[in-house]
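One structure below.
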Amino acid sequence: MPQSSKRGQIMPASPIRKLVPLANKAKAKGTIVYHLNIGQPDIKTPEVAMAALRAIDRDVLEYSPSDGILSLRNKLVEYYDRFDINVTVDDIIVTTGGSEAVLFAFMACLDPGDEIIVPEPAYANYTAFAMSAGAVIKPLLCSIESGFALPPVEEFEKLITPRTKAIMICNPNNPTGYLYTRQEMDQISALVKKYDLYLFSDEVYREFCYTGAP
């Protein structure tokens, strides 16, 4: 019987998903389980979005363009323009979720053996995405004493080798919730320019803003 690929055999299971069967067994026994392993949205979907879905009057839903529906890409251009980030529709690709976007970015930019510096704690599946591209995660620990702020630039530089190709950040951070300061972002920007590195920025939580009580 054919074996799965070596890549498939070494791919780590998602630690987030590994907890699911254990939680299901506990629930089957009547235990109340509070899921902190999966970031499942529990806020009401905007009515304007639901109304748009209900208003669909089409018999055939064909494949969308490979780079995403043009009207959506135009809206994303307008979105970034609000923050003085100048992009065009040709700069934007729409993916099915953030994980696919990160995986595509790694596959497009990294070669086997390339290294990515990732401040930790970090989203656990970055490791699997890097392994899919043949790349290696180089973790840089952020301390709880500093509120999980980014370490000094000198700590990043200690990890930079001839194989270093990129730095990966998540802002606001998953799982710590830390929001990087303007000074930290300016320092990271200068660092990647100094060493000619890619900067991958996972900003999936940028619109989540909590004030006062949840």
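Read-outs: derived from the displayed coordinates by stated rules, not from any lab. Values in this document were obtained by computation on a predicted structure and should not be read as measured data. Here the Cβ is made from the backbone with ideal geometry for all residues, glycine too, and neighbour counts use every protein chain on show.
For the options Leu36, Leu103, Leu199, a Gaussian network treatment of the chain with springs between C-alpha atoms closer than 10 Å singles out Leu36 as fluctuating the most. Across region 70-77, computed HN-Hα scalar couplings (Karplus, 6.51 cos²θ - 1.76 cosθ + 1.60, θ = phi - 60°) run 4, 4, 5, 5, 5, 5, 5, 4 Hz from first to last residue, x flagging Gly and Pro.
The H on the amide N of Glu120, modeled in the peptide plane, is under 5 Å from the matching H of Leu140, Leu141, Cys142, each at least 5 residues off or on a different chain.
Ordering of 54-60, 87-93, 164-170 by packing is 164-170, 87-93, 54-60, highest average first (other Cβ atoms within 10 Å, averaged per residue). For Ala166, the amide hydrogen comes within under 5 Å of the amide hydrogens of Glu115, Ile117, Tyr198, counting only partners 5 or more places away or on other chains and with H modelled in the peptide plane.
Extension gain, Phe208-His35: 0.36 nm per intervening residue step, less the Cα-Cα distance, totals 60.4 nm. Read through the labelled values (1) -0.55, -0.90; (2) -0.86, -1.27; (3) -0.68, -0.96 and report the label of the one computed as log10 I(q)/I(0) by the Debye sum over Cα atoms at q = 0.12, 0.15 Å⁻¹ from the structure. Structure-derived value, by its label: (2). Pairs of lysine residues in the chain that meet both criteria, 8 or more places apart or on different chains and Cα atoms under 28 Å apart, total 17. In the chain, once you exclude exposed chymotrypsin sites (Phe, Trp or Tyr not before Pro) (DSSP loop, at most 13 other Cβ within 10 angstrom), what's the longest stretch remaining? Longest stretch, sites excluded: 84-207.
Springs between alpha-carbon pairs under 10 angstrom, Gaussian network model over the chain: which of Lys158, Lys18, Lys44 fluctuates most? Top of the fluctuation ranking is Lys44. Loop-resident trypsin sites (Lys or Arg not before Pro) (DSSP state other than H, G, I, E or B) in region 71-149 with no more than 15 further Cβ atoms inside 10 Å of their Cβ: Arg82.
For region 168-177, backbone phi angles converted through the Karplus equation (6.51, -1.76, 1.60; θ = phi - 60°) give residue-by-residue couplings of 10, 10, 10, 9, x, 6, 10, x, 7, x Hz, Gly and Pro being listed as x. When the Gaussian network model of the chain links Cα atoms closer than 10 Å, the mean-square fluctuations of Pro162, Pro151, Pro121 top out at Pro162. Rounded, prolate or oblate: which fits region 96-208 when a ≥ b ≥ c are the square roots of the eigenvalues of the alpha-carbon gyration tensor, with rounded for a/c under 1.5 and prolate only if a/b beats b/c? Verdict is oblate for region 96-208.
When each of the peptides 183-193, 23-33 is scored by how many other beta carbons lie within 10 Å of its residues on average, the order from highest to lowest is 183-193, 23-33. Simple spin-label estimate for Asp90 and Asp42 gives 4.6 nm between the two label positions (7 Å along the Cα-to-Cβ direction from each Cα).
Which shape class, rounded, prolate or oblate, goes with region 1-78 when its Cα gyration tensor gives a ≥ b ≥ c as root eigenvalues, a/c under 1.5 marks rounded, and past that a/b bigger than b/c marks prolate? Oblate, because a/c is 1.5 or more while a/b does not exceed b/c. Evaluating 6.51 cos²θ - 1.76 cosθ + 1.60 at θ = phi - 60° for every residue in region 105-117, the Karplus couplings come out as 5, 4, 5, 7, 10, 10, 9, x, x, 5, 10, 10, 8 Hz, glycine and proline recorded as x.
Fully extended, how many nm does the chain gain between Ala128 and Leu53 (0.36 nm per residue separation, minus their Cα-Cα distance)?
Numbers: separation 75, 0.36 × 75 = 27.00 nm, distance 3.37 nm.
Value of the extension gain: 23.6 nm.
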